[in-house]
Each structure stands twice: as C-alpha cells, then as structure tokens.
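The values are calculated or read from the model by the stated rules, or taken from the named source; none is laboratory data. Since we're looking at a predicted model, the values are computed, not measured. Reconstructed Cβ throughout: ideal geometry from the backbone, glycine too, with neighbour counts over all protein chains shown.
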Amino acid sequence: MSRQQQILACLESQPSATGKELCQRLDISRQALNIHLKSLIASGQVVKSGSTRNARYYSTAYAPAATVFSRRLSLAGLDESRVYEQVATALNLRSTLRSNVAAILHYAFTEILNNAIDHSKTGRGNITARLEAGSISFIIRDNGIGVFQSIASKYGLEDEQAAMVELIKGKTTTMPEAHTGEGIFFTSKVADRFLLRSHHIQVEWDRLRDDVFISKPRFISGTTVEFTVQRSARQLLEDTFATFAPADYDYRFEKTKVQVKLLNSEYVSRSEARRLVTNLENFREVALDFKGVKSVGQGFADEIFRVFANRHPAVKIECINTTPSVETMFRHVSQNPG
C-alpha cells in the first residue's frame, strides 16, 4: 500500500485527523506528509479545514456538508456589492473566513458579477456560492453573447481562440470607457482554481499545479465562471496587485504573464509570433511562460526578439520555463540578428 493509500485509509477509519495525528499513526515525517496531503487535496480525495496547527483533514466521505447559497437574478441595474452582502450574510462569511480569504472572495465575486452585468447583454443570470470545510467557491453563469465572442466581435479577431489569448494578457475589454480589462486577469491570479468557459472554449487556472489548461468541451451558451479559494489560503490580494501593478510603476497594471502554450505547443512562423505579441506593447514588463512548449522556429523567435523588441524598446521581455531547444533558438537569434 502506497503512502497516499495509507493516508486515505487512515482518514476513512475516523471522521478527521490533524497532521500530528497522521504523522504518529503512520510513522511519517511532517514534511513527507505535507507533500502527500497537497497531492491528495489537489485531486479532491482529501479536504483540509482550518490552517497551521489547527488544521484538520477529512476524506471526502466524512467532510462536513457544504452550505449553499443560490439565486437566479435579473442583471439589469443589479448592484454586485449588494449581492455579495447577501451571500456573505447567508453563509456567515464574516465569522468563518480569514481576512485575506474574505478580501480575495469579495474582489473576485464582485468583479466577475459586474462583468456579467455590463458585458453579457442578457437579462438574467445565476449565482451559486458554496462554503465547504476546506474551501469557499462560487459559480456565476449568464446566457449572453459569450465572453470570447464578445471580444472577437469588438476587435475584429479571427476567432474566439484569438479572443481568449487577448483576454488572458490583461487590459482587454469591450467597454474601455468603463472597464480596465484587469478583472479576469487578477481574479485568475488570486484563485486556487479559476475556470472560464464559453461556447467551445474552457480555460482553467490551477494554483496547486501552477499551470493553465485549455480544453474544448461541448457547446454552452453564454459564459460560466467558477472560482475556488481554500479557506486556509495564505496568499494576499495586495501581494498579487503588487506583483503586476508595483509601486515602481505607480501601482499601474504594467506587468503581465502570458502562457504561450495556450496558442499552440510548437511555434514556427512569424504570424504566430505576431499573434502572441499583439497588444503587449501596452505593458512595460512581459513574462512569456514557455511551459509545455516543445520547440520554436527561427522566424518565430526573430519576430519577438528583434522585430518586436526594436519597435518597442521600452518593453522588457522575459522568457521563463523554456526547454533547452527553445533556449538554444533564442540564443541563436540574439547572436545572429536579421
């Protein structure tokens, strides 16, 4: 029996256990236990309630039942802050959530609901909030135009996939007079799990796996957003803003991070590079995350590191999580420009 199976068997034999109790019963170090628990929590087999020394762990069979708040709402003229207050009161969030988690939830909920109110072009929407032993989550759904279709139509983009890429860069909005385009970007960074789904496109951000995933599920109308943060989360909302809107830039949103693999897994052409760097001149620092990208071509690399760089010398580009082959191509281009 593997260590993770032993942990599950232990938790299935009793309602819950602390980390110290699990270490004693299984004769395992706290460091090793934490590694296994992190994996089991990520896979949904174990639920954590509380934090630090007061944390307790449950198998999903013994986890306390969730408290749920669900409403169907008219979006026209809706005040997202008042709706959040209804949720907070119904679920007693002021007494049950740590201050950092409450701040994250308040920001994310009001940003996403406001997007549905202002952008969906539909009359009604649904919200569901769930307070569980280990997490607080919400789902907001509307039956409107669809977030990716809305952006594609506004900017004349070739398809919804291109709209998805623009959206995750940040600063993309169909209502620049009223919105900055930052809401979804920052919400995806503070969540432990954040899912954005519309029509045939689904994007999922996963903090525990430190990754982003794209899939093409069955068609759904409108937009569905799912947000989850662990009740034991330690991240601070202000730290996330400081990362991408730092004091050095007068707290303006001037830094972004783009997951390159969301466009493709292999890049060869200049046109692919142009699609990647579109609108990145609106930032002062750009991190291109090449995790999951196997290779790039000379034209692709040259378009980014010579053509774009020469046109926008004020933009600092950093490449992270590059494979040796990708790194070799970048060095080749930098040493042989033109």
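Note down all Cβ pairs under 7 Å where the first residue falls in the stretch 207-225 and is assigned by TED's automatic domain parsing to the domain that holds Ile140, the second is of a type in the set (Ser, Thr, Tyr), and they're at least six residues apart or on different chains.
Pairs that qualify, where the first residue is assigned by TED's automatic domain parsing to the domain that holds Ile140 and the partner is of a type in the set (Ser, Thr, Tyr), are Gly222/Ser120; Gly222/Thr122; Gly222/Ser198; Thr223/Ser120; Thr223/Ser198.
Would you be able to say whether some residue in the stretch 57-67 is over 25 Å from Arg207 (Cα atoms), part of a strand (DSSP E or B) and polar (S, T, N, Q)?
Within the stretch 57-67, none of the residues are over 25 Å from Arg207 (Cα atoms), part of a strand (DSSP E or B) and polar (S, T, N, Q).
Would you confirm, using the coordinates I've provided, whether Val229 is closer than 21 Å to Glu132 by Cα, surrounded by 20 or more Cβ atoms within 10 Å (Cβ to Cβ) and either of a type in the set (S, T, N, Q) or in contact (Cβ under 8 Å) with a residue 40 or more places away in the chain (or both)? Working first, answer last.
Details: closer than 21 Å to Glu132 by Cα: yes; surrounded by 20 or more Cβ atoms within 10 Å (Cβ to Cβ): yes; either of a type in the set (S, T, N, Q) or in contact (Cβ under 8 Å) with a residue 40 or more places away in the chain (or both): yes.
When the stated conditions are applied, Val229 passes them.
Search the stretch 48-70 for residues being within 29 Å of Gln86 (Cβ to Cβ) and crowded, with 17+ Cβ neighbours inside 10 Å, and hand back the single one that is modelled with the highest pLDDT. Please lay out each step first, then the result.
Applying the first criterion (within 29 Å of Gln86 (Cβ to Cβ)) to the stretch 48-70 yields 48-51, 58, 60, 63-70.
Next, from what is left, pick out any that are crowded, with 17+ Cβ neighbours inside 10 Å: 48-49, 58, 63, 69.
Details: Lys48: 82, Ser49: 76, Tyr58: 86, Ala63: 75, Phe69: 96.
Looking at the filtered set, the residue picked out is Phe69.
Among the residues that make up the stretch 89-104, is at least one of them surrounded by 13 or more Cβ atoms within 10 Å (Cβ to Cβ), without any contact (Cβ under 8 Å) to a residue 40 or more places away in the chain and either outside the structural domain of Gly222 (by TED's automatic domain parsing) or assigned to a helix (DSSP H, G or I) (or both)? Outline the logic, then answer.
The initial filter retains those residues of the stretch 89-104 that are surrounded by 13 or more Cβ atoms within 10 Å (Cβ to Cβ), namely 90-91, 93, 96-98, 100-104.
Then keep just the ones that are without any contact (Cβ under 8 Å) to a residue 40 or more places away in the chain; that gives 90, 102.
If we keep only those that are either outside the structural domain of Gly222 (by TED's automatic domain parsing) or assigned to a helix (DSSP H, G or I) (or both) too, we end up with 90, 102.
Checking the stretch 89-104: at least one residue is surrounded by 13 or more Cβ atoms within 10 Å (Cβ to Cβ), without any contact (Cβ under 8 Å) to a residue 40 or more places away in the chain and either outside the structural domain of Gly222 (by TED's automatic domain parsing) or assigned to a helix (DSSP H, G or I) (or both).
Of the numbered conditions (1) part of a helix (DSSP H, G or I); (2) of a type outside the set (Val, Ile, Thr); (3) touching a His at 6+ places or on another chain (Cβ under 8 Å), Ser221 fails exactly one; give the number of that condition.
(1)
Inspect the stretch 159-172 for any residue being more than 21 Å from the chain's Cα centre (by Cα) and in the same structural domain as His200 (by TED's automatic domain parsing) and give the result as yes or no. Give the steps one after another, and end with the answer.
To start, the set of residues in the stretch 159-172 that are more than 21 Å from the chain's Cα centre (by Cα) comprises 159.
Now narrow it down to the ones that are in the same structural domain as His200 (by TED's automatic domain parsing): 159.
There is at least one residue in the stretch 159-172 that is more than 21 Å from the chain's Cα centre (by Cα) and in the same structural domain as His200 (by TED's automatic domain parsing).
From the residues in the stretch 232-259 that are outside any helix (DSSP H, G or I) and among the polar types (S, T, N, Q), which one is surrounded by the most Cβ atoms within 10 Å (Cβ to Cβ)? Walk me through it before giving the result.
Applying the first criterion (outside any helix (DSSP H, G or I)) to the stretch 232-259 yields 232-236, 245-246, 250-259.
Of the ones still in play, those that are also among the polar types (S, T, N, Q) are 232, 235, 256, 259.
On the way: Ser232: 18, Gln235: 17, Thr256: 21, Gln259: 23.
So, considering only residues that are outside any helix (DSSP H, G or I) and among the polar types (S, T, N, Q), the one surrounded by the most Cβ atoms within 10 Å (Cβ to Cβ) is Gln259.
If Thr323 satisfies every condition in (1) in contact (Cβ under 8 Å) with a residue 24 or more places away in the chain; (2) surrounded by 16 or more Cβ atoms within 10 Å (Cβ to Cβ) but one, which is the exception?
Only one criterion is unmet by Thr323, namely (2).
Going by the conditions given, is Glu272 among the acidic types (Asp, Glu), crowded, with 16+ Cβ neighbours inside 10 Å and free of Cβ contacts under 8 Å to residues at least 60 places away in the same chain?
Working: among the acidic types (Asp, Glu): yes; crowded, with 16+ Cβ neighbours inside 10 Å: yes; free of Cβ contacts under 8 Å to residues at least 60 places away in the same chain: yes.
In short, yes.
Of all residues in the stretch 1-40, how many are assigned to a helix (DSSP H, G or I) and among the hydroxyl-bearing types (Ser, Thr, Tyr)?
Of the stretch 1-40, the ones assigned to a helix (DSSP H, G or I) are 3-12, 19-26, 30-40.
Imposing the further condition that a residue be among the hydroxyl-bearing types (Ser, Thr, Tyr) reduces the set to 39.
Qualifying residue count for the region: 1.
Considering the stretch 307-338 alone, what residues qualify as being of a type in the set (Lys, Arg) and at pLDDT below 90? Before the answer, list the steps.
Step one: of the stretch 307-338, the residues of a type in the set (Lys, Arg) are 311, 316, 331.
Passing the criteria: only Arg331.
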